[in-house]
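The values are calculated or read from the model by the stated rules, or taken from the named source; none is laboratory data. In this text the structure is predicted, and so the values were computed from the model without any measurement. As a convention, Cβ positions derive from the backbone with ideal geometry for all residues, glycine included, and neighbour counts pool all protein chains shown.
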Amino acid sequence: MSATFGRGAATSYQEDLQNSDCVLIMGSNMAEAHPVGFRFVMKAREKGAQVIHVDPHFSRTSASATDYVPIRTGTDIVFLGGIIHQILEQERWFKEYVLPYTNAATIINDKYVDAENADGIFSGFDPETGEYEIDRANWQYAGTQPPAAAGASGGQTTEDWSKSSAGHEGGKPEVDLTLQHPNCVLNVLKRHYARYTPSMVAATCGCSQEQFMAVAEAMMANSGRERTGAIVYALGWTQHTIGVQIIRTAAMMQLLLGNMGRPGGGVMAMRGHASIQGSTDIPTLYDLLPGYIPQPDSRSKHNSLGEFIRKETPPTGYWANMPKLVVSLLKAWFGDAATQENDYGFEWVPRIDDDYSQLNTFAKMAKDEVDGLFLMGQNPAAGAPNSRLNREGMRHLKWLVVRDFFLLESAEFWREGPDNPNPAEIGTEIFFLPAASGAEKSGTLTNTQRMLQWHEKAVDPPGDCRSDLWFMWNLGRRLKAMYANSTNKRDQGLLSLTWDYGHDDIEVLPDGRRSSVVDEPDAGKVLREINGYTTADKKQISGFGELKEDGTTASGCWIYAGVWPEEGRNRSAERPVSDQVAANPRPRLDWAWAWPANRRMMYNRASADPEGKPWSERKRYMWWDEAQQKWTGYDVPDFPPDKAPSYRAPEKAEGMDAIDGDTPFFMHTDGKGWLFAPSGIKDGPLPTHYEPIESPTLNPLYGQRANPTAKIVESPLNLIAPPADVEYPVVATTYRLTEHYLSGGMSRFDSWLNELQPAMFVEIGIELAQERGIEHGDWVLVRTPRSEIEARAMVTPRLHRLKIGGRFVHQIGVPIHFSFTGEVTGGQANELTPMVSEPNVKMHEGKSFMCDVRKGRLERASDKPTVQWAKRPQETPMAETPDQAQPEGRSA
Amino acid sequence: MARISNAKLRHPFFQLRSGQQEQPVSGVTMAKHSRIRGAVAVDGVCPYCAVGCAQHIYVKGGQVIDIEGDSRSPINEGTLCPKGSNTFQLTVNPHRQQQTLYRAPYSDHWERVSLEWAMERIAQRVVETREVTFRERDDEGNILNHTTAMAHLGGATLDNEENYLIKKLFNGLGMVAIENQARI
């Protein structure tokens, strides 16, 4: 989404789904995986909206939808590309929106060769490295050198702005608003998707042409001034080797239909973890610094701050502010030690020079290239793709720190597991440090709609349990003390880190008791630093507009500036009572705080027409107030608040001055939504269909079968089934159940949830069950070239065979939650999945792989629990509560 | 009609209604009340998926006694799904490890160790690994200032403040292989 709109995050807020006229849910089982968020889809349906579910697996989401279409897993680009083809073919795109707000009319330079003309490969591909040229010279706008996006481009940055001729020297991209030029984006798009006809969609996806056309018609009908459609997706789109491109196809479709930045529109990413958005904003990721600033890279010769800024700062758009953002981050990290003379400590920030993503790191681990690992709230021994290869990697570590609630798979892998490990052969030194739960620590979580919500510590954690904040702060204090006398240059960064997070006063809990935890840091101090302050007098800043590049401001994550805007006001903790709660169609700006700048719907300038008037009364959201000369409406404007719609950038304008008054996507250099992505993406400027790494068929479009830039980890434990292999004829996909969470670390030690969902199963269609002689409830074995698991068969009509390219293909569904520790155990889906990765974000392909299914059991049963089922969580009576009000079984 | 005489019931609710005025219900009925009465309600957020349901964590006698949805929230309006309703068991659970454990190389069992000992030993291992594997420049002379022999994994279930200190300290040490469940 970053490549299409400018920021990599859900574009709207969940409550807004109720304003939609048509909700397309694809790559998500929202009713079961995000039940509370799904309320807003149901509210939309109550108001008459069409709700469409396109998914390999019929679920409660499908049952709650007005329309359900089954497709083969991994063919989403064909389905969505088919809709784009219909939109262009039938001239149903929203012209008044698309022409000014997107790059539809921009002309692409004539070096560009489309994948359609080169059997599935775009121009600029280097078969030696398996990557596209770093400078993307082949995908550029005519008349400029790299336009492109800074931030969140991932890994080695693709742009080098110091070579750019755009912006600084003038040079606006060439456009043809008459759309006659053969190389204007809209015409490139038309040619690219010309073959995505209804019959091609049906033959590839396995649905009927009529089913497909009904969805296309629904999306096209709910577009324009009066109506909007929304898209909801989740891991069903991301866990593919073409995941980013699937999302981009949807984003392009939403631009063509004029659904972005408008109520009831948008692309809603439903994320899976409580702070998964937060952990990319403040990234525990290898290639980013906080706020989507790229991690310095030795391959880009980031040897000084000046060089970094020169290469990573685009001349136009919001990212032109890069120097202010970087210097403020360095001031937050290194404090007074960061001076203009020493480049604000830029040298101390470590450089990347390779792929240090999770999958690659674990593959290196198995080859003895990694000595030590910290695991904090993640369970790769069960939850990571090809979990056996992950465990193999961990058994090669010299030391390992595990911080979690329970002795889960990643703590017990040296003596438990389907691979029967022998502890006498495993030399890993392991530390298990028990973690505090959410109720036992304070801090913020950033939810799927970019909203930071503060949770307050209610009680002290028991025993040795501590927050991860405690662990990091105290580990840092210890290491700083150990290096205290070092004059070695390499240690000065560590010694200079600002690290003053202790409580000023004795920590008092909400019930008035004193905390008995020694050395718990003050999470509020950390959040105040993340927000930012002026360095001279330590005053909180109220927003990122106040940041400076001269070292007078500090901000630990610039996009979070505003969450703690003044001393004593933590906006993430604000929870006012309101009579507006029930069925409120407008954003609740007073409830907690969302980045950026408390805007709940991003790109909302587009909710008004180019002149600044609402597109219609029905879809009114933000508008230009001529009298007051400012943007106003129901939300915080996602645009310079006083930039008039009529503003036109003068020649040679830089930064935000170069953004016209009618271009809502100002994170991009040209202010436009990108139908064609000239950069910021690693596997092609336009999404095109490739098969999953393992699939039952060749690519119906090209000789190039799978994504040419996807990577397969080479290991004897990571064998891949060749295309259409008769040994592995069944398509497998994975999914989540309502009652369990991830690989089970937060659910399979919990008796209430285990009672609701006690055992592993695989879901098998009736036709396949008949073919293999499998009855409902039988034990079956599921086998891939990597491994084999056992499970009970659940035979249902919810998954059935599809006709692909003239023959029938079966699909099965494998829940992801079971493994070998806990009260309930069972086969883990990730024993089966391959370790392969998508090029942009290094995501694995958990949603599409090939397998075989037959009746039978493993020699070593997989359903042996490691802990006794606890019937009650607590035996002691509840304090200060009369017998009559005690929960069952607990009396004084 | 009996007056409330149970000395346990010191809550203001009962004091208001007892005293001068007779009640139209029995003492037994009057004695029945919600387990959360008298508890302190603390603002929580559901730790499972990313919907972001607000919760009330009820504390009485220094213990978490219940966790429920916060009806003020525009997102969940007091509701929780099965996982959210289970949040209580993440805090109050007999399987929870409360002791620091250590497994020595090639050993077949866990040992109990003190948190202090483990923290010191971990810090030593970090320093040892860092000292041996730190690289200041690459072969062409470009700055690296990193170690690739130590890695971190996890963060999408943690607080923003925790992720911030992880990134800050581990980058400060020169670690680059810092990853979590999120893919962006």
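Would you point out the residue of the range A:523-549, among those that are free of Cβ contacts under 8 Å to residues at least 40 places away in the same chain and of a type in the set (Ser, Thr, Tyr), that is farthest from A:TRP595 (Cα to Cα)? Step through it out loud before you land on a result.
Within the range A:523-549, the first condition is being free of Cβ contacts under 8 Å to residues at least 40 places away in the same chain, and the residues that meet it are A:525, A:528, A:531, A:533-534, A:536-542, A:545-546.
Next, only the ones that are of a type in the set (Ser, Thr, Tyr) stay: A:533-534, A:542.
On the way: A:TYR533: 17, A:THR534: 20, A:SER542: 13 Å.
Among those that are free of Cβ contacts under 8 Å to residues at least 40 places away in the same chain and of a type in the set (Ser, Thr, Tyr), it is A:THR534.
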Quick test for you: out of B:VAL92, B:VAL42, pick the one residue that is under 30 Å from A:LEU589 (Cα atoms), crowded, with 17+ Cβ neighbours inside 10 Å and facing chain A (nearest Cβ under 7 Å).
B:VAL42
Is the range B:110-125 home to any residue that is touching an Asp or Glu at 6+ places or on another chain (Cβ under 8 Å), within 15 Å of A:THR361 (Cβ to Cβ) and either buried (at least 22 other Cβ atoms within 10 Å of the Cβ) or modelled with pLDDT of 95 or more (or both)?
no
Any chance the range A:477-491 includes a residue that's hydrophobic (A, V, I, L, M, F, W, C), more than 34 Å from the chain's Cα centre (by Cα) and within 7 Å of chain B (Cβ to nearest Cβ)?
yes
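Would you mind listing the helices (runs of 4 or more DSSP H) fully within the range A:284-393 where at least 3 residues are within 12 Å of chain B (Cβ to nearest Cβ) and touching a residue at least 60 places away in the same chain (Cβ under 8 Å)?
Qualifying helices (runs of 4 or more DSSP H): A:322-334, A:358-366.
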Would you be able to say whether some residue in the range A:401-414 is touching a residue at least 60 places away in the same chain (Cβ under 8 Å), of a type in the set (Asp, Glu), more than 7 Å from every other protein chain (Cβ to nearest Cβ) and in a strand (DSSP E or B)?
yes
Those residues that are out of contact with any helix residue (DSSP H, G or I) (no Cβ under 7 Å at 6 or more places or on another chain) and among the hydroxyl-bearing types (Ser, Thr, Tyr), I need them from the range A:596-631; list them, please.
A:SER607, A:SER616
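Of all residues being assigned to a loop (DSSP other than H, G, I, E, B) and surrounded by fewer than 24 Cβ atoms within 10 Å (Cβ to Cβ) in the range A:801-819, which is nearest to the chain's Cα centre (by Cα)? Just the residue, please.
So the first thing to find is which residues in the range A:801-819 are assigned to a loop (DSSP other than H, G, I, E, B), and the list is A:801, A:805-806, A:810, A:816-819.
Checking the rest, the ones that are also surrounded by fewer than 24 Cβ atoms within 10 Å (Cβ to Cβ) come to A:801, A:805-806, A:810, A:816.
Details: A:ARG801: 31, A:GLY805: 33, A:GLY806: 36, A:HIS810: 29, A:ILE816: 19 Å.
Taking the candidates together, the pick is A:ILE816.
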The range A:546-569 - residue that is within 11 Å of another protein chain (Cβ to nearest Cβ) and assigned to a loop (DSSP other than H, G, I, E, B) and, of those, nearest to A:ARG7 (Cα to Cα)
A:CYS557
State the number of residues belonging to the range A:734-789 that are over 19 Å from A:SER848 (Cα atoms), under 34 Å from the mean Cα position of the chain (by Cα) and not aliphatic (A, V, I, L, M).
16
Every listed condition ((1) surrounded by 24 or more Cβ atoms within 10 Å (Cβ to Cβ); (2) among the polar types (S, T, N, Q); (3) closer than 17 Å to A:PRO56 by Cα) holds for A:GLN254 save (3)
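Here is a check on your reading of the model: is A:ARG227 over 30 Å from A:ASP354 (Cα atoms) and surrounded by fewer than 24 Cβ atoms within 10 Å (Cβ to Cβ)? Quick ask: steps written out before the conclusion?
Working: over 30 Å from A:ASP354 (Cα atoms): yes; surrounded by fewer than 24 Cβ atoms within 10 Å (Cβ to Cβ): yes.
Answer is yes for this residue.
Given the range B:113-184, what strands (runs of 3 or more DSSP E) lie entirely inside it while holding 1 or more residues that are out of contact with any Leu (no Cβ under 7 Å at 6 or more places or on another chain) and either more than 22 Å from A:LEU497 (Cα to Cα) or facing another protein chain (nearest Cβ under 7 Å) (or both)? Even if it seems obvious, please write down each step before you answer.
Numbers: elements: B:135-137, B:143-153, B:175-179.
Passing ranges, in order: B:143-153, B:175-179.
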Report yes if some residue within the range A:712-719 is surrounded by fewer than 18 Cβ atoms within 10 Å (Cβ to Cβ), more than 24 Å from A:ASP126 (Cβ to Cβ) and among the aliphatic types (A, V, I, L, M); otherwise report no.
yes
When A:ALA424 is run through (1) more than 7 Å from chain B (Cβ to nearest Cβ); (2) surrounded by fewer than 21 Cβ atoms within 10 Å (Cβ to Cβ); (3) not in a loop (DSSP other than H, G, I, E, B), the failure sits at (1)
Can you give me the number of residues within the range A:820-839 that are within 14 Å of chain B (Cβ to nearest Cβ), touching a helix residue (DSSP H, G or I) at 6+ places or on another chain (Cβ under 7 Å) and outside any loop (DSSP other than H, G, I, E, B)?
2
When restricted to A:LYS871, A:LYS842, the only residue assigned to a loop (DSSP other than H, G, I, E, B) and over 35 Å from the mean Cα position of the chain (by Cα) is A:LYS871
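Suppose we keep only residues that are part of a strand (DSSP E or B) and either under 19 Å from A:PRO576 (Cα atoms) or at pLDDT below 95 (or both) within the range B:67-89. Which one would you say is farthest from the other protein chains (Cβ to nearest Cβ)?
Step one: list which residues in the range B:67-89 are part of a strand (DSSP E or B), which gives B:67-69.
Filter again for either under 19 Å from A:PRO576 (Cα atoms) or at pLDDT below 95 (or both), leaving B:68-69.
Working: B:GLU68: 12, B:GLY69: 8 Å.
Restricting to residues being part of a strand (DSSP E or B) and either under 19 Å from A:PRO576 (Cα atoms) or at pLDDT below 95 (or both), the top hit is B:GLU68.
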Identify, by number, the condition in (1) within 7 Å of chain A (Cβ to nearest Cβ); (2) not in a strand (DSSP E or B) that B:TYR102 doesn't meet.
(2)
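Could you list, in sequence order, the residues of the range A:32-48 that are out of contact with any helix residue (DSSP H, G or I) (no Cβ under 6 Å at 6 or more places or on another chain) and touching a residue at least 60 places away in the same chain (Cβ under 8 Å)? Before you say what the answer is, go through the steps one by one.
Restricting attention to the range A:32-48, the residues satisfying the condition of being out of contact with any helix residue (DSSP H, G or I) (no Cβ under 6 Å at 6 or more places or on another chain) are A:33-36, A:39, A:42, A:45-48.
A:ALA33, A:HIS34, A:PRO35 - these are the residues of the range A:32-48 that are out of contact with any helix residue (DSSP H, G or I) (no Cβ under 6 Å at 6 or more places or on another chain) and touching a residue at least 60 places away in the same chain (Cβ under 8 Å).
Within the range A:687-702, work out how many residues are β-branched (Val, Ile, Thr) and farther than 21 Å from A:HIS810 by Cα. Step through it out loud before you land on a result.
Step one: filter the range A:687-702 for residues β-branched (Val, Ile, Thr), giving A:688, A:693, A:697.
Okay, now just the ones that are also farther than 21 Å from A:HIS810 by Cα, so A:688.
Within the range A:687-702, residues that are β-branched (Val, Ile, Thr) and farther than 21 Å from A:HIS810 by Cα number 1.
If you scan the range A:504-529, which residues turn out to be over 32 Å from the mean Cα position of the chain (by Cα) and within 19 Å of B:ASN163 (Cα to Cα)? Steps first, answer last, please.
Step one: list which residues in the range A:504-529 are over 32 Å from the mean Cα position of the chain (by Cα), which gives A:504-519.
The answer is A:ASP519, and nothing else.
If a residue must be facing another protein chain (nearest Cβ under 7 Å) and under 10 Å from B:PHE88 (Cα atoms), how many such residues does the range B:57-66 contain? Before the answer, list the steps.
Pass one, the range B:57-66, residues facing another protein chain (nearest Cβ under 7 Å): B:57, B:59-65.
Still in the list and also under 10 Å from B:PHE88 (Cα atoms): B:57, B:64-65.
Total satisfying the criteria: 3.
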Condition set among the β-branched types (Val, Ile, Thr) and over 24 Å from A:ARG528 (Cβ atoms), scope the range A:303-351, selection surrounded by the fewest Cβ atoms within 10 Å (Cβ to Cβ): answer is A:ILE309
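Just to be sure I understand, how many residues within the range A:102-120 are part of a loop (DSSP other than H, G, I, E, B), surrounded by 15 or more Cβ atoms within 10 Å (Cβ to Cβ) and more than 26 Å from the chain's Cα centre (by Cα)?
If we filter the range A:102-120 for residues that are part of a loop (DSSP other than H, G, I, E, B), which is where we start, we get A:103-105, A:109-114, A:118-120.
Imposing the further condition that a residue be surrounded by 15 or more Cβ atoms within 10 Å (Cβ to Cβ) reduces the set to A:103-105, A:109, A:112-114, A:120.
With more than 26 Å from the chain's Cα centre (by Cα) added as a condition, the list becomes A:104-105, A:109, A:112-114, A:120.
Summing the residues that are part of a loop (DSSP other than H, G, I, E, B), surrounded by 15 or more Cβ atoms within 10 Å (Cβ to Cβ) and more than 26 Å from the chain's Cα centre (by Cα) in the range A:102-120 gives 7.
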